[in-house]
Amino acid sequence: MKKLTRRTLVTGSAAMLCAPSVKTEAQTAWPARQIRILVPYPAGGQTDGIARAFGDYLARQVGKTVIIENKAGAGGVIGVSEAKRAEPDGTTILCTISSSLIQNRLTVKDLPYDPERDFIYLTMVSGAGGPVVAAKKTGAKNLREFIEYGKKVGSLNWGSYGVGSTPHVLIATMAKQYGIQFQVVQYRGEAPMWNDIAGQTLDGAAGSYAAAAPVIQAGTGNLIGVVGSRLPPYPDTPTMTEQGAVGDFYDLRAFTTFAVPTGTPQDIVQRISELLIQAGSDSKVQQMLNNFLLSSPANLETTARIFKRDSDVMLGILRDLGVKPSE
């Protein structure tokens, strides 16, 4: 047996859901073997946590082992590419974030997969809103004060975790509207970026609530706005749009989606999607969603609609900003 590397085995219960005899052969046969969920990011992050919670639910429902396999690297390209090459039989499921499917189209040269043609999207969960944080040293408590600070100092040091990522697009969009200057500092992930906000090396940054929360709670960074909708823990902090920021970008929310390779039989697609949506009612999954301030799983139609809308908006913005693959 091939040695498992950086994987977690989630063992299903002995009780297996019995498919009614009226269902097709494909439905009755699935899953013919253990299921693996490919995560294109390291273990321990939010995407990994989502995959594990939903994977545990799948294992309990279908009575098969579910493997969570982390294939990190190249901004998600390695893991997503492997998922594309998988047998389209429903036993390999991709769990990834929006940037690997949208931003990578413009930021990665010769992208080895086509997000629109190579996958069928089963469901997605979206964040409540993305926090925009100013370092304590700026003294800014809202968007107006942060813009004033930026104009006063001449140029902002802004944190980001990839060309074309949400924080990169955010500061470029703000600069275009408000006429501020900025210097983007790119990091390999959110953790070191937020560490530098806490250390007052950066003036500001944006990202996920789970990663930003310790900085906000410690008072080393001030929550000055939110991309998307207001954050439940900070209901009095207005969104960027409510503070006068203009653009479709401010209505977008980062999402995590589950997908299977194109060519997977429709009845199997339907069954996996239904199980993943049902997982939203499971107590363990609900706890994870609440911890990360994530929405309930969306159905097939809603998932397809949001994916198309967000792709069109973000790609349009990136092209306007002149984002291209790094050489």
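The values are calculated or read from the model by the stated rules, or taken from the named source; none is laboratory data. Just so it is clear, the model here is predicted, and its values are computed rather than measured. Please note: Cβ atoms are built from the backbone with ideal geometry, for glycine as well, and neighbour counts cover all protein chains shown. Accessible surface is based on the protein model in full, side chains and every heavy atom, while ligands, DNA and RNA are left aside. Shrake-Rupley method; radii C 1.70, N 1.55, O 1.52, S 1.80 Å.
Data overview
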item	result
Probe 1.4 Å - accessible area at residue 236, Å² to nearest ten	140
Dipole axis of the stretch 106-261 (+1 Lys, Arg; -1 Asp, Glu on Cβ), positive-most option in 182, 241, 252	182
The chain - accessible surface per residue (Å², probe 1.4 Å)	45
Candidates 204, 79, 154: whichever shows maximal mean-square fluctuation once the chain is modelled as a Gaussian network with Cα springs under 10 Å	154
Nonlocal amide H pairs with residue 225, under 5 Å, H built at 1.01 Å	132
Protein accessible area in the stretch 34-81, 1.4 Å probe - carbon and sulfur %	53
Percent RCO, i.e. relative contact order, over the chain, from Cα pairs under 8 Å lying at least 6 residues apart	24
Whole-number percent relative contact order across the stretch 77-219, with pairs defined as alpha carbons under 8 Å at least 6 apart	25
Cα gyration tensor category, rounded, prolate or oblate, for the stretch 251-327 with a/c compared to 1.5	oblate
Nearest 10 degrees, 0 to 90: helix 300-320 Cα axis against the chain principal axis	40
Protein accessible area in the stretch 185-289, 1.4 Å probe - carbon and sulfur %	51
Value of [θ]222 nm, deg cm²/dmol, for the chain, DSSP H segments ≥ 4, -39500 (n - 2.57) each, nearest 500	-11500 deg cm²/dmol
For q = 0.14, 0.27 Å⁻¹, Debye-computed log10 I/I(0) when each Cα of the stretch 178-243 counts as one equal scatterer	-0.44, -1.30
3J(HN,Hα) from dihedral phi, the stretch 98-106, Karplus parametrisation 6.51/-1.76/1.60, rounded to Hz, x for glycine, proline	4, 5, 6, 10, 10, 4, 4, 5, 10
Contact order relative to length of the stretch 32-97, as percent, for alpha carbon pairs under 8 angstrom and 6 or more apart	48
Distant-in-sequence amide H partners of residue 120 (H built 1.01 Å from N, under 5 Å)	260, 262
At q = 0.12 Å⁻¹, base-10 log of I(q)/I(0) for the chain (Debye sum, equal scatterers on each alpha carbon)	-0.82
Reachable aspartates and glutamates from residue 152, criterion Cα separation under 14 angstrom, eight or more residues apart if same chain	203
